[in-house]
Amino acid sequence: MRRREFIAALLAAPHALAEAGNVVYPSPRPGTVLQFPRDHGSHAAFRTEWWYVTGWAKVRSGADLGLQITFFRSRTGIGESNPSRFAPRQLLFAHAALSDARIGHLLHDQRAAREGFGLAAASEADTNVRVDDWSLVRGADGYDARVPAREFEFALRFRPMQAPLLQGDRGFSRKGPDARQSSYYYSIPHLQVSGAITTRGGSVEIESGEAWLDHEWSSEVMSPQAVGWDWVGLNLADGGALMAFRMRDKEGGTLWAGGTHRGGNGSVHAFRPEEVAFSVLRRWRSPRTDTLYPVSMRVTAGGLDYTLEPMMDDQELDSRASTGAIYWEGSVTASASGRSTGRGYLELTGYWKPLRL
């Protein structure tokens, strides 16, 4: 039986669903002090967790490429009282994508496995997460990623040049009107990228590049009224960084918003919901799913004002074989008053169907 069919069968079992409904998941608490390196690792008691790396890289030909590597962990609430090693208490998923304007659409792949038996694992001591032969591991001088996907392969190193940026209130990030709709969340902007990317055209060394890492864990990140979110992470040209997001309601309005700006001088400002706004400048319709995405956006946060333009319009990612969603996530440039001010990634979820974590 294929992995996803095995998972689906378990989820359909009435006794498994009943047990999952009885599990109590911890909630993030304001005032909690994040501790490193421990909090680089997995937090298995929480329902949902992800390690997310997005970035731009320039190769020897001069071409700019976008790259995305994500590992998800989910505590299912199933089989927790079952001593069998076959009980799917933790599931792990992974996505990877390559943006190349010369191709004109994403190259992407995905993996899914339950924890154990050498299939998948997420260490609680530090970042060391694996699904099959894909991995993201933190060492003394940065992160190593190995992703042998179907149409490409990443052998990459991400070296931190700045300290972690704690999102929200010192790492406690509200995502909705109810305080339980929160997460623990930090980012590491301006990661220096090195290594090689292999495609059908061969292997190319990366000459330069910058990436952004998000690590977030929660048990109830979305309000029942939310259908998805718009999120952007930008490495700014002055050495600063901006993260901004909004949770959208069924009418497309903003249910909640937030974000954090770290200036080039190191000053940090966390935005109140009313300080953040996303405005649509241009939409693109997917030829595969007929989904309409706002791929060009204006983002205002406090006194900051950026125009986002995608490297290419077609950066839709179909993850139905793992997490069950289709969404848009792609490399974007940022400008202010017509001047280039940074690069990063824009994520648009809940446009295909309402997102359910």
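The values are calculated or read from the model by the stated rules, or taken from the named source; none is laboratory data. Bear in mind the structure is a predicted one, so any value in this text is a computation, not a measurement. Counting neighbours? That spans all protein chains shown, and the Cβs are built from the backbone with ideal geometry, glycine included.
Things to note:
- With respect to the conditions (1) buried (at least 19 other Cβ atoms within 10 Å of the Cβ); (2) over 19 Å from the mean Cα position of the chain (by Cα), residue 220 falls short on a single one, namely (2).
- Hits in the range 275-289 (condition: of a type in the set (S, T, N, Q) and outside any strand (DSSP E or B)): 286, 289
- At least 1 residues being β-branched (Val, Ile, Thr) and at pLDDT 80 or above is the threshold, and among the strands (runs of 3 or more DSSP E) wholly inside the range 1-108 those reaching it are 48-59, 64-75.
- Filter result for residue 277 (small (Gly, Ala, Ser) and surrounded by 22 or more Cβ atoms within 10 Å (Cβ to Cβ)): no
- Looking only at residues of the range 308-352 that are under 18 Å from the mean Cα position of the chain (by Cα) and basic (Lys, Arg), we find that the one that is surrounded by the most Cβ atoms within 10 Å (Cβ to Cβ) is 343.
- Residue tally, condition among the aromatic types (Phe, Trp, Tyr) and under 14 Å from residue 116 (Cβ atoms), over the range 42-90: 1
Residues are listed down the side, and each one gets a yes or a no for (1) buried (at least 23 other Cβ atoms within 10 Å of the Cβ); (2) farther than 26 Å from residue 352 by Cα:
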position	(1), (2)
169	no, yes
173	yes, no
189	yes, yes
194	no, yes
198	no, yes
203	no, yes
214	no, no
238	no, yes
272	no, yes
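- Meets criteria (in contact with a Lys or Arg (Cβ under 6 Å, 6 or more places away or on another chain) and assigned to a strand (DSSP E or B)) for residue 194: yes
- Checking the stated criteria, residue 277 turns out not to satisfy the condition of being modelled with pLDDT of 95 or more and in contact with a Pro (Cβ under 6 Å, 6 or more places away or on another chain).
- Within the range 143-153, the residues that satisfy the criterion of being buried (at least 19 other Cβ atoms within 10 Å of the Cβ) and in a strand (DSSP E or B) are 143, 145, 147, 152.
- Hey, residue 240 small (Gly, Ala, Ser) and closer than 16 Å to residue 175 by Cβ or not: no
- Residue 265, sole failed condition from (1) outside any strand (DSSP E or B); (2) crowded, with 17+ Cβ neighbours inside 10 Å: (2)
- Boolean, residue 130 is at negative phi, part of a strand (DSSP E or B) and either in contact with a Gly (Cβ under 7 Å, 6 or more places away or on another chain) or buried (at least 21 other Cβ atoms within 10 Å of the Cβ) (or both): yes
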